[in-house]
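The values are calculated or read from the model by the stated rules, or taken from the named source; none is laboratory data. Quick caveat: nothing in here was measured; it's all calculated off a predicted structure. Reconstructed Cβ throughout: ideal geometry from the backbone, glycine too, with neighbour counts over all protein chains shown. The area values use the complete protein model at the heavy-atom level, side chains included, leaving out ligands, DNA and RNA. Shrake-Rupley method; radii C 1.70, N 1.55, O 1.52, S 1.80 Å.
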Amino acid sequence: MKPVNIGIIGLGTVGCATVEILKANAADIADRVGRPVVVSHACVRDPSKPRSCDLSSVELLKDTADLVNHPDIDIVVELMGGTDLALDLGLQAVAAGKHLVTANKALIAEHGNQLFAAAQANGVTVAYEAAVAGGIPIIKAIREGLAGNRIHSVAGIINGTGNFILSEMRDKGRAFDDVLREAQELGYAEADPTFDVEGIDAAHKLTILASIAFGIPLNFPAVFTEGISTVTAEDVTNAEKLGYRIKHLGIAEQTESGVSLRVHPTLIPQTQLLANVHGVMNAVQVQSDAVGESLYYGAGAGGGPTGSAVVADILDIARALTATPEQRVPFLGFQPERLKNIPLLTIEAVESAYYLRMRAADQPGVMAEVTGILGQFGISIEAIEQTEPVQHDTQATIIMLTHRVIEQKMVEAIKQIEALQTIVGAVTMIRVEHFNTRQST
Ligand code: NAP
Ligand code: HSE
């Protein structure tokens, strides 16, 4: 089947990540869409610059106007930033009947009303999931997932650079400028980083969130905006001593008298989930009538997470171009004829780390017997603790954390441990997962 052709403007942090994701997951993507999705063309400012992505099958065009009007391109993806040229190219793209995907929150917040009207007039889509909260599918969650709710408020940490700076200042006592430089090197910051530290970027995102939450036109100038550049290390420490944490929040609230839109540094109790969102991570808390409170968390900036959101938008459009209207998203996400017979693992074949608790006779050599059995099964121990027996008690409690091992080995090892004369009763086993540190395959 004919591929869906993508033309990308901008191959920086997000553009190159998008190219790489489309390439790395090409087979699964074709199974989801029903046909291949390929980057056929791209445009950059300086074609001689080395790129971090493989462009061997991509035709580089010199002129952005040629890309947005190219007859072979189905979807234009704008990943260059800025508002003037981006708006001009966006309008040209939709006028040429191209669907537009963008990560550009400034473009959507400041010119979205105009761009959406033009797209509607031309029967095409403008998709912008990557514009807010990086890899978190927050646009889809609010606009579609919570469509049955009346939303009261949306509040969140929606600038990764700012949160990274505040976290590093608090945790490591680092200086503001030093952390900002690192955020720029990591590809988190905007081309003009004052957008991050003065809250403009968060205000762009809040503008978008408020519109989809409350059904109001985009109104960026209505957002009260205060940045984090005046927050000192001393404020950060003082807040901590008081049991609070300073976070840069975007808050949109619907009250009886209207909607308030604000971005500013905020002290929140350390016990709240939002206070524990660190580094480049973002989180958006939505208060709505049917669900109550819901929280959406994930990486808020950087190539991979943002590229992921760009690719999701591309696939949404590609599926609409491919599928029958009643099956815009296949029931199981993949095309029915492309569902795979992947072997399903039994629990014995699953790998996990484990917490073990057992009662043992308080006599010499018990620990050696237990660790010896674990060793025979190749199970290594991460931590071990033996509680002292209380008065008149002849038994002690042994608690262990193990490294990851196939469950079958753990089950066999536990059988042998329970058979020891010195072990009393059954061994308690609880699986331990460290999702955030797991290597992706
Ligand atoms: P970037 O690394 O600075 O990349 C920008 C790209 O656009 C570069 O490849 C640049 O070309 C190209 N470009 C700039 N002006 C151009 C022009 N006039 N004609 C053709 N190409 C042009 O920026 P980025 O971080 O990827 O961000 C791109 C967009 O995504 C921005 O709207 C940003 O707000 C948004 N975004 C970024 C992130 C993130 O974490 N970085 C997250 C969410 C959204 P050269 O390489 O030749 O200079
Ligand atoms: N500069 C932005 C941030 C990129 O740090 O959150 C993601 O939108």
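Would you mind telling me the share, in percent, of accessible area of the chain contributed by carbon and sulfur at probe 1.4 angstrom? For the chain, the apolar C and S fraction of the accessible surface comes to 53 percent. Within the shell defined by Cβ-Cβ distances under 10 Å, the residues around L345 carry a net charge of -3, with Lys and Arg each +1 and Asp and Glu each -1. Tell me whether region 23-138 comes out rounded, prolate or oblate; compute the Cα gyration tensor, take square roots of the eigenvalues as a ≥ b ≥ c, and use a/c under 1.5 as the rounded threshold. Here region 23-138 falls in the rounded category.
Partnerless cysteines in the chain, where a partner means another cysteine C-beta under 4.7 angstrom, comprise C43. The mean accessible area for residues of region 173-241, using a 1.4 Å probe and ignoring ligands and nucleic acids, is 48 Å² per residue. Karplus-derived 3J(HN,Hα) values for region 94-109, using 6.51 cos²θ - 1.76 cosθ + 1.60 with θ = phi - 60°, are 5, 5, 7, x, 8, 6, 10, 10, 9, 9, 8, 5, 5, 4, 5, 5 Hz; glycine and proline are entered as x.
Convert each backbone phi in region 401-414 into a coupling constant with the Karplus relation 6.51 cos²θ - 1.76 cosθ + 1.60 (shift: θ = phi - 60°), then list the ³J(HN,Hα) values in order as whole Hz, x for Gly and Pro. In residue order, the calculated couplings are 10, 10, 7, 6, 7, 5, 4, 4, 5, 5, 4, 4, 4, 5 Hz. Computed with a 1.4 Å probe over protein heavy atoms only, the accessible surface of region 1-86 comes to 47 Å² per residue. In percent, how large is the relative contact order of region 350-435, given Cα pairs closer than 8 Å and 6 or more residues apart? Here the relative contact order equals 48 percent.
Solvent exposure of region 350-435, expressed per residue, is 57 Å² of accessible area, with all protein chains present and a 1.4 angstrom probe. Of all beta bridges that DSSP places with both ends in the chain, some 70 percent have antiparallel geometry. Straight Cα distances below 29 angstrom link K49 to the lysines K23, K62, K98, K105, with same-chain residues fewer than 8 positions distant left out.
A prolate overall shape is assigned to region 138-298, the ratio a/c of its alpha-carbon gyration tensor axes (a ≥ b ≥ c) being 1.5 or greater and a/b exceeding b/c. Number of Lys-Lys pairs in region 138-298 with C-alpha atoms under 23 Å apart and a separation of 8 or more places or on different chains: 4. When you filter the trypsin sites (Lys or Arg not before Pro) in region 261-354 for DSSP loop state and at most 14 other Cβ atoms inside 10 Å of their Cβ, you are left with R328, K340.
Close amide H pairs (under 5 Å, H built 1.01 Å from N) link V424 with R359, A360, A361, residues at least 5 positions away or on another chain. Using only Cα coordinates, the Kirkwood hydrodynamic radius of the chain works out to 24.9 Å.
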